[in-house]
1. With every protein chain kept in the model, how would you rank R141, R148, R69 by accessible area, 1.4 Å probe, largest at the top?
2. What is the distance, in nm, between label points placed 7 Å from the Cα along the Cα-to-Cβ direction at R135 and at R52?
3. Would you mind calculating the gained length between H120 and S31 on full extension (0.36 nm times residue separation, minus the Cα-Cα distance), in nm to one decimal?
4. Subtracting the Cα-Cα distance from 0.36 nm times the residue separation, let me have the gained length for A66 to K43 in nm, one decimal.
5. Go through L57, A117, L133 and say which Cα lies farthest out towards the positive end of the charge dipole of segment 40-147; charges sit on Cβ, +1 for Lys and Arg, -1 for Asp and Glu.
Amino acid sequence: MTAAIDAMDVETRRTFLLAVVRNKGCTVTTSLALRIYAASPWKGVSRNTARRDLRDLARRARLVPAEHRGARFYRISSDPNCPHPVRNIRQLVLEAIRAEGGEWTTGRTRRTWHQIAGTHVLRASVRRYLAALHRDGHLDRHGDGTSRRFYTPAETRKGAAR
């Protein structure tokens with residue numbers, strides 16, 4: 001029973017934060033979220049909780065994450081029912097790989113992913129993503145049996161089916 005009440009409280013808190021931000025019509029940072037919570041029934045909210053609330057609202061496409069000079073902030077989504085702008089992140093990263101060409105390591109892919117989405121991605125997730133692209137024929141794998149593995153865009157030959 002307590003867990004259900006806590007979950008409802010979390011949803012209420014996040015809905016309250018979103019309503020205040022929409023009413024003000026401004027961008028929101030963790031500091032602003034803490035000031036909003038300080039004037040509400042949730043006075044004791046920690047910085048980490050405010051960050052989790054902002055990230056959750058961004059995952060639900062209510063806020064759009066952005067970054068300026070290394071500082072993270074969130075903008076209000078123009079349409080509350082729109083899909084998240086980075087929902088098709090995997091396709092966008094594949095397009096970047098094809099456009100730029102060259103050798104693609106896990107680190108390079110993570111940096112590109114971060115530039116496109118503005119979010120952190122785990123190294124293991126990128127490894128699985130690159131392996132899946134190789135398996136599907138989009139990338140060629142190099143460096144098997146060595147300490148440095150990298151991928152390159154698959155060569156498409158005329159008349160060859162990929």
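The values are calculated or read from the model by the stated rules, or taken from the named source; none is laboratory data. No experiment lies behind these values; they were computed from the predicted model shown. A quick note on method: Cβ atoms are made from the backbone with ideal geometry, for glycine too, and the neighbour counts reach across all protein chains shown. What goes into the accessible areas is simple: the full protein's heavy atoms, side chains included, and nothing from ligands, DNA or RNA. Shrake-Rupley method; radii C 1.70, N 1.55, O 1.52, S 1.80 Å.
1. Values: R141 90, R148 120, R69 220 Å².
Solvent-accessible surface, decreasing: R69, R148, R141.
2. In this crude spin-label approximation the distance works out to 3.2 nm.
3. 30.0 nm
4. Working: separation 23, 0.36 × 23 = 8.28 nm, distance 2.64 nm.
Difference between extended and current length: 5.6 nm.
5. The listed residue farthest towards the positive side: L57.
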